Structure formats: structure tokens, C-alpha cells
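This report refers to the structure that appears directly beneath it.
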Amino acid sequence: MGLLSKKDAKLITDPLADNNPITIQVLGICSALAITAELKASLVMGIAVLFVLGIGNVVISLMRNIIPSKIRIIVQLIVVASLVIIVDQVLKAFAYELSKTLAVFVGLIITNCIIMGRFEAFALGNGPWKSFLDGIGNAAGYAVILLIVGFFRELLGSGTLFGIPVLGDPIEKTGVYSIGYENNGFMLMPPMALIVVGLIIWVQRSRNKALIED
Amino acid sequence: MEHLELFFKSIFVDNMVFAVFLGMCSYLAVSKKVATAVGLGAAVIFVLAITVPLNWLLDQYLLQPGALSWLGDEFVDYDLSFLSFIMFIATIATMVQLVEIVVEKFSPSLYNSLGIFLPLIAVNCAILGGSLFMQAREIETLSLAFNYGVSSGIGWFLAILAIAAIREKIRYSNVPAPLRGLGITFIITGLMGIGFLSFGGMLTGGDEEGGKPATETALENIKIETEKAKELAENTKTID
């Protein structure tokens, strides 16, 4: 990598796997799980968080020396809330149906613990460029988990990916449905998102024994 | 009757944790011991009971389309609803600070039990979620909004109490090493969520129509709404 030093590159790659915000740091689960029944919604949510966290981290990092520490939570909340309003208005203008599906969960990006967590833990103590990389890395780590969960839930739950049927037609019995396969509607229920994330954690920790809790 | 229905619906059917995953971060982080879980749960009920009615007032008299009509006729067309996120979160953050100061002054014992949890709560999704769902569900009166705040708080309290009790016991079980801690907590919460789905028919007597889980009906409503909106858009186009 010519553009990024080794240390900077680590800021981006670390959160993708061994320091993943969802499965290791346990942040930002709140708004993540409810919208993963469809891959498209997961993708949009991932991009929204990428935007908010990348820019928010830079803004907080630029202001880090002038924010009085007593009211920093409120300042941070105002910064995030303004960014989220932008995301919400853009979604309403250009992807109205999707914004209906995401409903209040766009607003809940404000209280997404990843964002406050990264502001507190990183942006308040580091320069803008590093904070930007950290924001992008963590948001990407979040998006990866959302996409994995969304992929399995949509594929097994409704037999589609991004709304396109990939397993054949369940009514006319083509594709895998011709040999008796059925969609598991249960995958679309909210509790299954938790179980899928639990399984992802299981796989990840079996492969990397250092992450096991005692 | 309306109050009773909303009360049970918010606790069981639309439980904050199991149906919409709100406040999951603190739910997972603070549920290792029953005693701390009770403290946080109580603080959540308390703050929800204050912020939801307050934000209801804001929504009714400031933010909704046409809500400014009390200022005079020229304000009737104003729609400030895009400001709701920032107004709600500002209310919540200031209320949490205010509550902290007041509680510290008048009841040191309550402050000692709630104290450390109050700052955490400003960024708890359950609190903002309570206000946003209150807005989305168009709750009609102030007393219903108060009821909604308290009962969804109780639902959250129940959930964290239950998982804390289970986690205290699970320490003595032989869980596969990679699943220990976080993994098994996720899966147990999922199983509890499946259990809570069975409350879906509680208020309808279990008939097919209403027996659907809350999210599914919500999704259907959304579909219907978008269809309506599409029709509306087409109609206006043709009028143009």
C-alpha cells in the first residue's frame, strides 16, 4: 500500500475481523439486527453508518480541543443527529420505499453505540486523517456483519438476494423447489437475527482461539 | 381499556428487546449480574417515563405538519418533522442531565443506586427508540404517551432481568468454549425472542388475522402505505 502507512492500514483492517465492532466490541447491535431481513436494507444501513461515522469522526476530531469535556456527550449527539438528518432526508428523497422499510431505524443510528464509542475512544484523542480511517474501518466491519446476516436471512427466508429470486420459483416449483425445498419463513422473524449473529461469533471464535472469553 | 391494551402490548407483544432490538448494547453489557441489571432497568423506566411524554408534547406542538397553527394562521403550512431527531435527542440528553442533578440533590440513596447508569442512558437506543416509535405509532393523548413510556420501560426491565438471571446460572453449565460469554447470550436472547412471539395472539384472542407477529404486520402496513403513496404520486402527476 503506497498511499497508507502500515499503521494506518491496520486502522482499517483490524475492525474487519479481529476487532469487529459487532462481534468483539459488542457495539451497535441495536439498530443492526432489526433491518437484516433483506440484503438491500442491510447494504443501505451499512452505507449510512459508513457516511455518518466517517464524517462524524473527522468533525469530532477537528473539534476535540475546543469541546469542554463536561458537555461533550451533548456536542457529539448534536453532530451525529445533524448527519443522520442528512441521511434520512436523502433516503426519503431518492429511495422512498427503502426509507419506509428502515423506518425509525435510520433515526436510531444516532444512538448507535459504535458511533458514540468511536468518538469517545478514538476521535477525541487522534488527528482527523487517522480518525477518518478508523471511522471507515469500523463502519465497514459493521457493514460486513450486516451483509452476512442479511445474506443468510434473505436467502433462507425468502429464497431471494437483493429481491431477485435465486433458488427458483416457490409457486411454480422450479429450481431447488422442484426437489421439495421449502423457504424457512422463520428466518424472517426478528429473533433469528440474534441466533445468526450468535453463530457468526461461534465460527469466528473457533477459528481464532485468542478471542475466547472465560 | 385503551390504556390496559397499550400497557400489555408494549410489555409483551412489542417488547423493546425481543421484538425491535432496542437498547441491545447496554442489555448485553450490563446483564452479567442481577443487581446491576435491576439498577439499569429501573433507570430506563424512569427516564422513558419522563422523555416520552415530553417528546410527545414537542411533536404535537412544534414538529408535526401543521403543529405550529397555535402561533397564528401563517404558520399552518410549516412542517418541521425533519428536525425531530435532533430535538428528541437534545431533550433526552438535557433531561438525563437534569434528572441526575435533581436526584443527586434530593435522594442520595436513589442516586447511589441509579447514579452510574444515568449518563449511560442518554445514548441508550431504547430511550430514543421509545420516542421515535411513539411518533411513528401516532399515539393520541399525553396520558397514553406516558403509559407507553412506562410500559415499554417495564418490558425492557423484564428482559434484562430475565437474561441476567439466566447468565448467572449459565456460568455453571458446560458451554462450548467459543460460544462462552457473548455467543451464548445472543442465542439465548434469540430463543427468548421466539418465546415472546407467542404473546402475539394475546390481545386478539389468537384469531388468524391479528395473530401475526408485530413486525410482520408492521411490514405489511409499510407495504400498504408505500402503495398508497405511489397511487397518490401517480394521481397528482395526472392532475398536473
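Against the conditions (1) exposed (fewer than 14 other Cβ atoms within 10 Å of the Cβ); (2) in contact (Cβ under 8 Å) with a residue 60 or more places away in the chain; (3) not basic (Lys, Arg), B:TRP56 satisfies every one except (1). Residues of the range B:19-39 that are under 13 Å from B:LEU158 (Cβ atoms) and in contact with a Leu (Cβ under 8 Å, 6 or more places away or on another chain): B:VAL34, B:ALA37, B:VAL38. Looking across the range A:171-190, just one residue is more than 14 Å from every other protein chain (Cβ to nearest Cβ) and in contact with a helix residue (DSSP H, G or I) (Cβ under 7 Å, 6 or more places away or on another chain), and that is A:ASN183. Scanning the range B:74-93 for residues that are within 12 Å of chain A (Cβ to nearest Cβ) and among the β-branched types (Val, Ile, Thr) yields B:ILE86, B:ILE89, B:THR91, B:ILE92.
Here A:PHE119 clears all of (1) assigned to a helix (DSSP H, G or I); (2) modelled with pLDDT under 85; (3) surrounded by fewer than 18 Cβ atoms within 10 Å (Cβ to Cβ); (4) not aliphatic (A, V, I, L, M) except the condition numbered (3). Taken over the range A:164-196, the criterion of being over 22 Å from the mean Cα position of the chain (by Cα) and assigned to a helix (DSSP H, G or I) is satisfied by A:GLY175, A:VAL176, A:TYR177, A:SER178, A:ILE179, A:GLY185, A:PHE186.
Which of the residues spanning the range A:100-119 are over 11 Å from A:ILE35 (Cα atoms) and without any contact (Cβ under 8 Å) to a residue 12 or more places away in the chain? Residue satisfying the conditions is A:LYS100 alone. Of a type in the set (S, T, N, Q) and more than 30 Å from A:LEU211 (Cα to Cα): does that describe B:SER173? In short, no. Only one of the numbered conditions (1) out of contact with any Asp or Glu (no Cβ under 8 Å at 6 or more places or on another chain); (2) modelled with pLDDT of 80 or more; (3) over 21 Å from A:LYS70 (Cα atoms) is violated by B:SER107, and that is (2). Tally the residues that are at the interface with chain B (Cβ under 8 Å from one of its Cβ atoms) and either under 11 Å from A:ALA143 (Cβ atoms) or among the aliphatic types (A, V, I, L, M) (or both), restricting the search to the range A:15-31. Residues that pass the stated criteria total 4. Candidates in the range B:190-207 are the residues that are modelled with pLDDT under 80 and either loosely packed, with under 13 Cβ neighbours inside 10 Å or in a helix (DSSP H, G or I) (or both); of these, the one that is nearest to the chain's Cα centre (by Cα) is B:GLY200.
The values are calculated or read from the model by the stated rules, or taken from the named source; none is laboratory data. From a predicted model like this one, the values you see are computed outputs, not experimental measurements. Every residue, glycine among them, receives a Cβ derived from its backbone with ideal geometry; neighbour counts consider all protein chains shown.
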